[in-house]
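Just below is one structure, and these are the notes that go with it.
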Amino acid sequence: MSSVRVHFLRDTLTPFLYPTLLEQSAIGSRIASRYQFKASRARRCNSTTTLADSIPSRPGIHHTFTANTAESHLNPSPDSYSLTPFTDRCTLLLQAGAGGHGCVSFVREKYIEQGPANGGDGGSGGSIYIQAVRGETSLHRLARRGQVKAERGKNGQGKGQGGERGNDLILSVPVGTVVRELWRHDPIAEEEERQRKERMTQDPNQESTGKEFRGDKWLLYPGAMPKSFTPDDLPQLPRARRSHLIAVQPQAPIRLDLDTPMERPMLLAAGAMGGLGNPNFVTKERPNPKYATRGEEGIKLTLQLELKILADVGLVGLPNAGKSTLLRALTNSRARVGNWAFTTLQPNIGTVVLDNFKGRPKLKAARRSGEPRTNFTIADIPGLIEGAHEDRGLGLGFLRHIERAAVLAFVVDLSAGDAVKALKGLWTEVSEYERLRGEEVNAETEARTTWQPLELQEAAAAAAKKDSDALGFYPMDSDLPELPPLTMPPISSKPWLVIATKADLPDTQENFLKLQEYLSAVRDGTDEHPSGKKNAWRSDVQALPISAIRAEGVDRIPEMVVSLLND
Ligand SMILES: Nc1nc2c(ncn2[C@@H]2O[C@H](COP(=O)(O)OP(=O)(O)OP(=O)(O)O)[C@@H](O)[C@H]2O)c(=O)[nH]1
Ligand SMILES: [Mg+2]
């Protein structure tokens, strides 16, 4: 480190208090010089003379304070940011493709006037699949669509030509998406139930009592009027058929946690089977059947998709604490930064590269699986305010994005009052979120049973009397095995650290000292964990003073995070 820099730091920060700012590693210097270079380039483009302009620039010497005055990657103007559309929750109506109709057709050739039946079967409908892929980061595209429908199978044709299959549809969702089924309408199950009831009430000696023409099931020869068909002209309606794909469809109600990228798509709703062509109904008695069956209707599902971003580190802090600036300092993120509360309105994700593949890794780390770790991701979420659990500010909803982070980084602003109080307040909100989440999971587990079509109908009918919108209703059946709830380790058991920002500002040292004292008391067990939980993680909790705007001290963060990630 150059003497100019040390001298500068001595002027502003107390070296014994903020030793990390003086122990700039090679990475830190490179980060600082990169941003310094950008800052100086920005200055050159800007005709306004700043204090920094008056200092002669020498290679290898960093005038770190320039970032405060000139616009740079770390001190951007509020309109210098990139914003991609983002939605983390949506409800989607899926409809599997209906089957194509069977065909009523007969061979007609020069010397064959009344040829045999040759209508083809209808093609089956397209199925709907889901796949968690790395490239997707948001559910906004699906949210905009609202409903998705797989293609219908084509109708069968003459000369025994079967209809083509409908095209399948793949829903690409981000890794970390949780899928919950809210409602389903399975026409095949309903038909099976109806046929079962009919068989039970039918007199076995009298084959066709109570039969009526089902226009929704039968397709008649062109020109043939339903009236000219007495029920006895038609055979027994064939059993409703299901696609063989049903075997690989997840058990209802669907509940998936797509927390890893999927190599192959997973089936959500199999397409319906096509109808039967008229050759299927040829018998001795009826050699020329003038009817075929219609294709089955596709299954309908309402699913709720919820994205819980899977970042390694989650930044939690009050509004304006400097989270987005920190994310910019550590990664290539272009998160919005502004000197007011709630600048960030949606999560930002950044990747810290540990190995730049240009020789030796900057930092050696391994994943739990043993493979080398070349990067880790950080999620910056909107700021939390006191009472966020009562829906104040932007509420607690965004905490779902750090719920699954392996490490939590609490970002506290040293210049904005008591850092210990701020930290405790943040933990209170996190604990409150965890409590509410636990209640939600319990309520869901209690209400969940395996899907039963008949009961669903009856229960839905009963519920519809009370409430016309019977969506999301599941009948209770205590005999059926319950699905295991999606369990997650408690947030308080996660390793965490405190990043004390804005250490470049005057009169922040005392605040930091108090924070350090408090954390050492938490470590020793003399003070309780800020979450108030007994078995919470506290073994090696550290606070790190940094100045994100000057990229100082931030080079220690990857090191600390990696050691916690490996914990
Ligand atoms: N002096 C100083 N200012 C900083 C530092 N880090 C951030 N700031 C400033 O603090 C203000 C808020 O920074 P942001 O990064 O937008 O804060 P945030 O926590 O993301 O805020 P929200 O998105 O509203 O929650 C900006 O004006 C930054 O320039 C720092 O280390 N030192
Ligand atoms: Mg922000």
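The values are calculated or read from the model by the stated rules, or taken from the named source; none is laboratory data. Remember, predicted model here, so these are calculated numbers, not experimental data. Positions of Cβ are generated from backbone atoms using ideal geometry, with glycine treated the same way; all protein chains shown enter the neighbour counts.
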- Selected residue (criterion: surrounded by the fewest Cβ atoms within 10 Å (Cβ to Cβ)) from residues of the stretch 287-323 that are more than 16 Å from ligand 2 (Cβ to nearest atom) and among the small types (Gly, Ala, Ser): Ala292
- Message: Checking the condition surrounded by 13 or more Cβ atoms within 10 Å (Cβ to Cβ), at pLDDT 80 or above and not in a loop (DSSP other than H, G, I, E, B), which residue from Arg404, Arg437 passes?
- Response: Arg437
- Query: Right, Ala247: in contact with a helix residue (DSSP H, G or I) (Cβ under 6 Å, 6 or more places away or on another chain) and over 17 Å from Arg165 (Cα atoms) or not?
  - Reply: no
- Query: When both residues are 6+ apart or on different chains and their Cβ atoms are under 7 Å apart, which pairs have a first residue that lies in the stretch 97-120 and is free of Cβ contacts under 8 Å to residues at least 60 places away in the same chain and in the same structural domain as Val148 (by TED's automatic domain parsing), and a second that is of a type in the set (Lys, Arg) and surrounded by 11 or more Cβ atoms within 10 Å (Cβ to Cβ)?
  - Reply: Gly115/Arg108
- Query: Of Gly370, Gly397, which residue is of a type outside the set (A, V, I, L, M, F, W, C), exposed (fewer than 14 other Cβ atoms within 10 Å of the Cβ) and assigned by TED's automatic domain parsing to the domain that holds Pro506?
  - Reply: Gly370
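Is it the case, given these coordinates, that Phe342 is within 25 Å of Leu423 (Cα to Cα) and not charged (D, E, K, R)?
Yes, satisfied.
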- Query: Out of the residues in the stretch 383-394 that are surrounded by fewer than 17 Cβ atoms within 10 Å (Cβ to Cβ) and assigned to a loop (DSSP other than H, G, I, E, B), which is modelled with the highest pLDDT?
  - Reply: Glu386
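Which of the residues belonging to the stretch 147-177 are assigned to a strand (DSSP E or B) and in contact with a helix residue (DSSP H, G or I) (Cβ under 9 Å, 6 or more places away or on another chain)?
As a first pass, look at the stretch 147-177 and keep what is assigned to a strand (DSSP E or B): 147-149, 157, 161, 169-174, 177.
Residues satisfying the conditions are Val148, Leu171, Ser172, Val173.
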- Query: Would the stretch 339-358 turn up any residue that is in the same structural domain as Leu394 (by TED's automatic domain parsing), exposed (fewer than 11 other Cβ atoms within 10 Å of the Cβ) and either in contact with a Cys (Cβ under 8 Å, 6 or more places away or on another chain) or at pLDDT below 75 (or both)?
  - Reply: yes
- Query: Would the stretch 262-270 turn up any residue that is at pLDDT below 90 and acidic (Asp, Glu)?
  - Reply: no
- Note on the structure: Within the stretch 378-432, of all residues that are acidic (Asp, Glu) and under 20 Å from the mean Cα position of the chain (by Cα), the one farthest from ligand 1 (Cβ to nearest atom) is Glu403
- Query: Would you pick out the residues in the stretch 294-332 that are part of a loop (DSSP other than H, G, I, E, B) and under 20 Å from His140 (Cα atoms)?
  - Reply: Lys308, Ile309, Leu310, Ala311
- Would you check which residues across the stretch 508-524 are surrounded by fewer than 16 Cβ atoms within 10 Å (Cβ to Cβ) and either without any contact (Cβ under 8 Å) to a residue 24 or more places away in the chain or more than 16 Å from Gly417 (Cβ to Cβ) (or both) and list them? Glu510, Glu517, Ser520, Ala521, Arg523, Asp524
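Conditions tested, residue by residue: (1) outside the structural domain of Lys300 (by TED's automatic domain parsing); (2) over 21 Å from the mean Cα position of the chain (by Cα); (3) in contact (Cβ under 8 Å) with a residue 40 or more places away in the chain.
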site	(1), (2), (3)
Ile130	no, no, yes
Gly135	no, no, no
Ala143	no, no, yes
Glu151	no, yes, yes
Gln157	no, yes, yes
Gly163	no, yes, yes
Gly166	no, yes, yes
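Which one is farthest from ligand 1 (Cβ to nearest atom) among residues in the stretch 337-377 that are of a type outside the set (A, V, I, L, M, F, W, C) and within 22 Å of the chain's Cα centre (by Cα)?
In this case the residue turns out to be Asn375.
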- Result of the Cβ filter at 6 Å on the stretch 320-341, keeping first residues that are at negative phi and partners that are more than 7 Å from ligand 1 (Cβ to nearest atom) and among the aromatic types (Phe, Trp, Tyr), at least 6 apart or interchain, is Arg334/Tyr81; Arg336/Tyr81
- Query: In the stretch 538-567, which residues are β-branched (Val, Ile, Thr) and under 22 Å from Gly525 (Cβ atoms)?
  - Reply: Val541
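For the stretch 453-567, which fully contained helices (runs of 4 or more DSSP H) count at least 3 residues that are at pLDDT 90 or above and assigned by TED's automatic domain parsing to the domain that holds Leu327?
Ranges flagged: 509-524, 556-565.
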